[in-house]
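Asker: Okay, here's the structure, questions in a sec.
The values are calculated or read from the model by the stated rules, or taken from the named source; none is laboratory data. In this text, all values refer to a predicted model and were calculated from it rather than measured experimentally. Every residue, glycine as well, gets a Cβ built from its backbone with ideal geometry; the counts of neighbours run over all protein chains shown.
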Amino acid sequence: MELPIRARVEALVTPALDSATPAEIEAMFGPEMARSLNIVNHDAFDPGQNVYIGQTPAGKRALVNRRYLEADKRIVVGFIEPHFFAGFSGGAKGVIPALASIDTIISIHGFDLIANPLSTWGTVEENPIRCELEAMVAHCPPEFMVNVTLNSDKAITGMFVGDYIQAHRAGCRRSREEAMQPVRSRFPLVITSNSGFPLDQNLYQTIKGISAAARITEPGGTILVASECSDGLPDHGNFGPLMKQGRTPHDILQGIVDLPEEILDQWEAQVYAYLMKEYDIRLFSAMDASTVRACKLGVVGDRVPGVATVVCALDNLCKGSSGQAIQNANLMLGVEETAGLMLAPVYANDFFMDGRIKRVNLRADAPFRTGAESLANFYTPSPATGQMIHEMCHALPRKLHSR
């Protein structure tokens with residue numbers, strides 16, 4: 001059945017800060033709807049498109065798309081998932097920042113708001129960024145909201161319709177149940193990704209996977225992130241120059257503080273700097289290693305083509321949680337269950353250091369510690385030159401040579 005009003009429906013799309021192409025619009029709406037609806041790209045940079053509607057109690061100015069404001073009825077659509085700044089996506093975020101001017105977008109990503117520890121995953125009522133954007137949207141609220149929750153296969157698990165605040169809160173509760181999992185304690189090592197293509201196209205977006213992993217990583221622990229980053233940093237925008245400035249994460253933060261005014265993309269670099277100060281973050285990607293290191297991140301790479309390098313925290317390896325993690329990974333990958341776990345140490349000798357007797361143990365995979373002759377294959381760095389030498393076995397006790 002054709003509804004006469006259909007020809008008067010207009011859709012505003014907000015594809016990040018670029019315009020959606022006709023092919024992208026057709027993929028989003030389907031061929032029939034793309035032809036019959038008047039679909040308009042919102043332009044955050046066009047002063048003529050965005051109108052001042054008021055300011056928040058904190059004094060932040062809100063400018064919103066003129067077409068949205070002039071519509072007879074305003075319906076906001078989107079989906080709800082945990083969000084690393086606003087607590088959850090969806091709700092008022094479908095209006096601001098989605099249909100806001102660039103100045104308004106920058107203001108709700110300001111340094112102080114991002115620095116607030118409550119501007120994080122899963123917080124709603126007390127989240128300062130959520131409070132600011134909802135205060136802005138209160139000047140131009142939608143009449144109706146349609147938000148959904150999705151599973152990992154992108155299938156709809158719930159639909160939340162009605163008031164853009166009340167229905168959104170119900171969706172947040174569902175998303176928390178489906179997408180967030182409590183843990184009893186933090187871990188010394190967390191392996192994560194950015195959910196694959198298209199979410200792992202660049203380092204800018206990869207912060208989301210890292211930020212989520214940091215929630216369960218011990219202070220000073222290691223985060224390994226696999227993200228292809230086929231688009232690099234990317235090369236355009238302010239993010240790359242901000243990440244490359246100075247030599248430490250502190251230099252990145254100081255560079256942002258010293259800016260004459262807040263700029264686009266500074267919030268992503270700000271969060272990276274906070275996390276790099278707290279954790280050892282290493283990236284497995286298609287990016288050039290020198291570029292990764294210039295951004296103050298560690299590099300994880302394959303040393304042998306076709307062979308993945310697995311890094312684990314030595315937490316009672318073979319007995320504790322790290323050993324169990326490798327065992328589970330082996331089962332999941334279809335390899336030998338004990339692969340990488342045959343690392344029982346061989347006692348070599350003792351030495352005196354700092355007023356204490358310290359023990360020397362040698363480790364090797366089982367095939368490389370079958371007898372005394374294997375000891376010649378153990379190398380150690382020379383204190384004098386730093387080069388690897390294999391003279392350790394000369395100092396070993398006779399009883400070890402005879403084993």
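Asker: Can you tell me which residue among Pro117, Pro142 is buried (at least 18 other Cβ atoms within 10 Å of the Cβ) and either in a loop (DSSP other than H, G, I, E, B) or under 25 Å from the mean Cα position of the chain (by Cα) (or both)?
Answerer: Of Pro117, Pro142, the one residue that is buried (at least 18 other Cβ atoms within 10 Å of the Cβ) and either in a loop (DSSP other than H, G, I, E, B) or under 25 Å from the mean Cα position of the chain (by Cα) (or both) is Pro142.
Asker: Among the residues of the stretch 207-239 satisfying the criterion of being among the small types (Gly, Ala, Ser) and free of Cβ contacts under 8 Å to residues at least 40 places away in the same chain, which is surrounded by the fewest Cβ atoms within 10 Å (Cβ to Cβ)?
Answerer: Filtering the stretch 207-239 for residues that are among the small types (Gly, Ala, Ser) and free of Cβ contacts under 8 Å to residues at least 40 places away in the same chain, the one surrounded by the fewest Cβ atoms within 10 Å (Cβ to Cβ) comes out as Gly237.
Asker: Can you tell me which residues in the stretch 190-204 are surrounded by fewer than 20 Cβ atoms within 10 Å (Cβ to Cβ) and at negative phi? Even if it seems obvious, please write down each step before you answer.
Answerer: Taking the stretch 190-204 and keeping what is surrounded by fewer than 20 Cβ atoms within 10 Å (Cβ to Cβ), we get 191, 193, 195-199, 201.
Result: Ile191, Ser193, Phe197, Pro198, Leu199, Gln201.
Asker: Report every pair of residues separated by at least 6 positions or lying on different chains whose Cβ atoms are under 7 Å apart, first residue within the stretch 35-60 and in contact (Cβ under 8 Å) with a residue 40 or more places away in the chain, second of a type in the set (A, V, I, L, M) and part of a loop (DSSP other than H, G, I, E, B).
Answerer: Going by the 7 Å Cβ cut-off, the qualifying pairs are His42/Leu99; Ala44/Leu17; Lys60/Ile108.
Asker: Now for a separate question. Exactly one of these conditions fails for Lys244: (1) of a type in the set (D, E, K, R); (2) touching a helix residue (DSSP H, G or I) at 6+ places or on another chain (Cβ under 6 Å); (3) closer than 19 Å to Ile106 by Cβ. Give me its number.
Answerer: That leaves (3) as the condition not met.
Asker: Pick from Asp103, Asp18: which is more than 19 Å from Glu143 (Cβ to Cβ), surrounded by fewer than 20 Cβ atoms within 10 Å (Cβ to Cβ), among the acidic types (Asp, Glu) and modelled with pLDDT of 95 or more?
Answerer: Being more than 19 Å from Glu143 (Cβ to Cβ), surrounded by fewer than 20 Cβ atoms within 10 Å (Cβ to Cβ), among the acidic types (Asp, Glu) and modelled with pLDDT of 95 or more holds for just one of Asp103, Asp18, which is Asp103.
Asker: Taking Ile96 as meeting all but one of (1) farther than 25 Å from Ala179 by Cβ; (2) buried (at least 20 other Cβ atoms within 10 Å of the Cβ); (3) of a type in the set (A, V, I, L, M, F, W, C), write down the number of the exception.
Answerer: It fails just one condition, (1).
Asker: Can you pull out the residues in the stretch 9-53 that are acidic (Asp, Glu) and either under 30 Å from Ser107 (Cβ atoms) or in contact with a Ser or Thr (Cβ under 9 Å, 6 or more places away or on another chain) (or both)?
Answerer: Matches in the stretch 9-53: Glu10, Asp18, Glu24, Asp43, Asp46.
Asker: Within the stretch 253-284, track down each residue that is in a helix (DSSP H, G or I) and either within 13 Å of Tyr204 (Cα to Cα) or of a type in the set (Asp, Glu) (or both).
Answerer: Gln266, Trp267, Glu268, Ala269, Gln270, Val271, Tyr272, Ala273, Glu278
Asker: Among the residues of the stretch 255-274, write down those that are buried (at least 18 other Cβ atoms within 10 Å of the Cβ) and free of Cβ contacts under 8 Å to residues at least 24 places away in the same chain.
Answerer: Gly255
Let's see how each residue does on (1) among the hydrophobic types (A, V, I, L, M, F, W, C); (2) in the same structural domain as His168 (by TED's automatic domain parsing); (3) without any contact (Cβ under 8 Å) to a residue 40 or more places away in the chain:
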position	(1), (2), (3)
Ile75	yes, yes, no
Gly94	no, yes, no
Thr104	no, yes, no
Phe111	yes, yes, no
Pro117	no, yes, yes
Ala138	yes, yes, yes
Asn147	no, yes, no
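Asker: Among the residues of the stretch 54-91, count how many are surrounded by fewer than 19 Cβ atoms within 10 Å (Cβ to Cβ), in a strand (DSSP E or B) and out of contact with any Ser or Thr (no Cβ under 9 Å at 6 or more places or on another chain).
Answerer: 4
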